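Here's the structure we're looking at; comments come further down.
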Amino acid sequence: MSAVPDTTPDTTPDTTPDTTPDATPDPAPDRTSAIAAYWNSAAATFDEEPDHGLRREHTRAGWARLLSSWVPRAPADVLDVGCGTGSLALLLAEAGHRVTGVDLAPRMVERAEAKLAAAGLEARFLVGDAGAPPTGRERYDVVLSRHLLWTLPDPRASLRAWVARLRPGGRLVLVEGRWRVAGQGGAPYVAGAASLPWDGGVTAADLAAAVRPLAARVHVEPLGDDPELWGGPVTDERYALIAYL
């Protein structure tokens, strides 16, 4: 004979310790929104920096020359992560490459689209996380990034994501540096930026150490001794790292 269940309400206080994990909201979405807002606010004046807008002919020519040495003969499929206002995408499109640009800030993407349209050139631009580009299963001959890694919460994971988007024999082109002050134009960066792994930039030695396990060959090209690239002399470390799969 089965026992009859006791349906009398239990009013005894429960003194068992609560071990349920604290449901504190993940701060990552807030930080992502703050980063997007920062670069959105910077978009209107971003191209005023000589190496951003490439408005001076000698600066523009210098970057065009470098890109031609880093990227395979056109037409190549190039993914420009952290494309900003599209200055490098424009040079690549002018050289005959098929360019996809990704940036987290919608206003940066709007300016990139307008810049290419004004030049009568085609490129595709996407709003999304440059550290994990929203490009699905598409694969590229080149993934290009300039001065982006210092802004990323997990730059090593982003390097792996970029390599995964390359075809066999593809190239990862990283234009980076180690500067004294992070942020743009003296403006404070987002809250918590000081805790970013590569806040203020990354040395060539440290970046090469991170990339070597992902590539067959790594080449580092110093860029700090060419003032035409930056609109004037620089004293910090600037370089390009080209990784060949």
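None of the figures in this text is laboratory data; all of them are computed from the coordinates on show. Keep in mind it's a predicted model, so treat the numbers as computed, not measured. No Cβ is skipped: glycine too gets one built from the backbone with ideal geometry, and neighbour counts run over all protein chains shown.
Could you work out how much longer the chain between Ala44 and Ala118 gets when fully extended? Use 0.36 nm per residue separation minus the Cα distance between them, nm to one decimal.
Details: separation 74, 0.36 × 74 = 26.64 nm, distance 1.68 nm.
Difference between extended and current length: 25.0 nm.
The overall shape of the stretch 184-245, judged from the alpha-carbon gyration tensor, is oblate: a/c is not under 1.5, and a/b is no greater than b/c.
Per the Debye formula with a single identical scatterer at each Cα and no solvent contribution, what log10 I(q)/I(0) holds for the stretch 133-245 at q = 0.09 Å⁻¹? Relative scattering, expressed as log10 I(q)/I(0), comes to -0.25. Computing FRET efficiency as 1/(1 + (r/R0)^6) for Arg65 and Ala157, where r is the C-beta to C-beta distance and R0 is 41 Å, gives about 0.80.
How much space per residue, in cubic angstrom, does the convex hull of the C-alpha atoms of the stretch 84-134 take up?
Numbers: hull volume 3.0 nm³, N = 51.
In the stretch 84-134, the Cα hull volume divided by residue count equals 60 Å³.
Would you please give the FRET efficiency between Ala191 and Thr235, computed as 1/(1 + (r/R0)^6) with r the Cβ-Cβ distance and R0 = 35 Å, to the nearest 0.05? Mind showing how you got there, number by number?
Working: r = 29 Å, r/R0 = 0.82.
Given R0 = 35 Å and the Cβ-Cβ separation, E is 0.75.
Each of Leu245 and Glu57 was given a label point 7 Å from its Cα along the Cα-to-Cβ line. The distance between the two points is 3.9 nm.
Want the number for Glu138 to Thr203: 0.36 nm per residue separation, take away the alpha-carbon distance, what's left? Working shown, then result.
Working: separation 65, 0.36 × 65 = 23.40 nm, distance 3.03 nm.
Once the chain is fully extended between Glu138 and Thr203, it gains 20.4 nm.
From the square roots a ≥ b ≥ c of the eigenvalues of the alpha-carbon gyration tensor of the stretch 34-111, which class results: rounded (a/c under 1.5), prolate (a/b over b/c), or oblate? In terms of gyration-tensor shape, oblate.
Relative contact order (percent) for the stretch 28-158, with alpha-carbon contacts under 8 angstrom and 6 or more residues of separation? Present the calculation step by step, with values, prior to reporting the outcome.
On the way: 192 pairs, mean separation 31.5, N = 131.
Reported relative contact order: 24 percent.
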